[in-house]
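Since the structure comes first, as structure tokens, the remarks are kept for the end.
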Amino acid sequence: MEKSVVITRKIEIYPFEGSKENNTAVWQKLRAWQTDVRTAANLISSQMYTLDRLKDYFFLVEEIKIKLADRAKDPDGILTTSYQNTAYQVLSAKFKGDVPMAIMSSLSNSIVQVYKTEKPDLAAGRKSLRSYRNTLPIPMPAASFRNWTLQEARNNNYTFELFGMTFMTKFGRDRSNNRIMLSRALDKVYKFCDSSLKLDGNRMFLLLVLRIPSEQIELSDDRIVYAELSHIAPITAKFDQESIEIGTAEDFLYKRRAIQAGLRRAQIAAAENVGGKGRKHKLKSINRFEKAELNYVTDKLHKYSRQLIDFCLDRGAKQLVLLEQKKKEKAAKDAAADGEPLVFRNWSYRGLLDKLKYKAAQKGIDVLIE
């Protein structure tokens, strides 16, 4: 079976209905759907938790046999359908006619899967039941995308249809090569997967999910690269007797700490801002610094992870082992510990792991954590 990796591309889009009134109607419909999707997600999550807790409701009569199974298939079952299908049945009864059921079906599958994944942590008290906000993207099944059309006269953007609504992409400078990725998907080089729409204020984004084949590169199982995070450099990598440093502590910390200092100044100044124009206006400078820090860290993580993967490829290494990762993650959580190197306090471990795993999967490299 050919190995593949699933990636998500964020592409800005906008309604393309031919008139301002029609475009406004699309926005209104999507915002209503977003509210219903958030309500449905919380409903599914609480319902699955309630079903699992039924056996703890001691005030129920003893004649009730608590078994989560379809009564038609199991005489001890208390459900009129399968355990997984209960979520869809509830959504169908509540939202049918308001939101396309293809959206609700996709939402049901994803929320139930998330709940099942977190269920052991919920039972052990390590997590609380997840709560979904209005920022939850609207699921869009792959089959719902229709009539992709290249608009050469509009900077080679694409128009497409979703549930009878027409949208157009807005690639802009396209530094991420989203246009190329989309064209390859339309040429069936990559496979479309269930995706989603994200509403962010007055902007709209298509979170396009694609399955792409991993590159076939000759790598050896006997060749292993060891990497670790240190106070000397963000990443040090070793292969046999060869060792390299990726990035420097000064390079990584200097600008991030400068942004953090600017954020603290903005927070102090915000307390003296004159009111009367709303909370958003008063916190505008703070939000600007928060976004600047996030963008800076994301950019650095992409660059460092790419350099590490390239180091593995150049040596033909099939395995990448991160040494003492769990220990250093634990140390980083205690930011107030005396003598702790600043690079540990400011290092985004989870972001690095996510980007490493994504890039490694594309090249067929296995990432192991010690």
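The values are calculated or read from the model by the stated rules, or taken from the named source; none is laboratory data. Predicted model only: the values in this text are computed from it and were never measured. So basically every Cβ, Gly included, is an ideal-geometry build from the backbone, and we count neighbours across all protein chains shown. We work out accessible area using only protein heavy atoms, side chains counted, and drop any ligands, DNA or RNA first. Shrake-Rupley method; radii C 1.70, N 1.55, O 1.52, S 1.80 Å.
Values as computed for the structure displayed
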read-out: Among (1) at pLDDT 90 or above; (2) out of contact with any helix residue (DSSP H, G or I) (no Cβ under 7 Å at 6 or more places or on another chain); (3) surrounded by 14 or more Cβ atoms within 10 Å (Cβ to Cβ), the one test that residue 193 misses; value: (2)
read-out: Residue selected from the range 142-179 under the condition in a helix (DSSP H, G or I) and closer than 27 Å to residue 33 by Cα, by the criterion most open to solvent (accessible area, probe 1.4 Å); value: 143
read-out: Tabulated pairs, the range 197-214, first without any contact (Cβ under 8 Å) to a residue 60 or more places away in the chain, second of a type in the set (A, V, I, L, M, F, W, C) and not in a strand (DSSP E or B), C-beta under 9 angstrom, 6+ apart or interchain; value: 202/27
read-out: Test: residue in the range 219-226 that is open to solvent by less than 50 Å² (accessible area, probe 1.4 Å), in a strand (DSSP E or B), modelled with pLDDT of 75 or more and not hydrophobic (A, V, I, L, M, F, W, C); value: yes
read-out: The range 215-258, subset touching a residue at least 60 places away in the same chain (Cβ under 8 Å) and among the β-branched types (Val, Ile, Thr), residue farthest from residue 182 (Cα to Cα); value: 244
read-out: Qualifying positions in the range 118-171 - farther than 18 Å from residue 197 by Cβ and of a type in the set (Gly, Ala, Ser); value: 123, 124, 125, 128, 131, 153
read-out: Wholly enclosed helices (runs of 4 or more DSSP H) of the range 271-370 bearing at least 2 residues modelled with pLDDT under 70 and open to solvent by 50 Å² or more (accessible area, probe 1.4 Å); value: 279-282, 325-333, 342-345
read-out: The range 196-218: number of residues that are outside any strand (DSSP E or B) and open to solvent by less than 30 Å² (accessible area, probe 1.4 Å); value: 1
read-out: Residue pairs meeting the criteria (Cβ under 7 Å; at least 6 apart or on separate chains; first farther than 14 Å from residue 12 by Cα, in the range 147-161; second open to solvent by less than 50 Å² (accessible area, probe 1.4 Å) and of a type in the set (Phe, Trp, Tyr)); value: 147/160; 148/158; 148/160; 149/158; 150/158; 151/158
read-out: Pair list, Cβ < 8 Å and 6+ apart or interchain, from the range 128-140 residues that are farther than 10 Å from residue 46 by Cβ and polar (S, T, N, Q) to residues that are open to solvent by less than 40 Å² (accessible area, probe 1.4 Å) and outside any loop (DSSP other than H, G, I, E, B); value: 128/122; 134/34
read-out: Residue in the range 74-85 that is in a loop (DSSP other than H, G, I, E, B), open to solvent by less than 70 Å² (accessible area, probe 1.4 Å), at pLDDT 90 or above and hydrophobic (A, V, I, L, M, F, W, C) present; value: no
read-out: Some residue of the range 107-124 being open to solvent by 80 Å² or more (accessible area, probe 1.4 Å), of a type in the set (Lys, Arg) and modelled with pLDDT of 70 or more; value: yes
read-out: Residue match in the range 37-53 (condition: in a helix (DSSP H, G or I), charged (D, E, K, R), touching a Leu at 6+ places or on another chain (Cβ under 9 Å) and modelled with pLDDT of 90 or more); value: yes
read-out: Residues of the range 125-141 classified as closer than 17 Å to residue 182 by Cβ and either over 21 Å from the mean Cα position of the chain (by Cα) or in a loop (DSSP other than H, G, I, E, B) (or both), total; value: 0
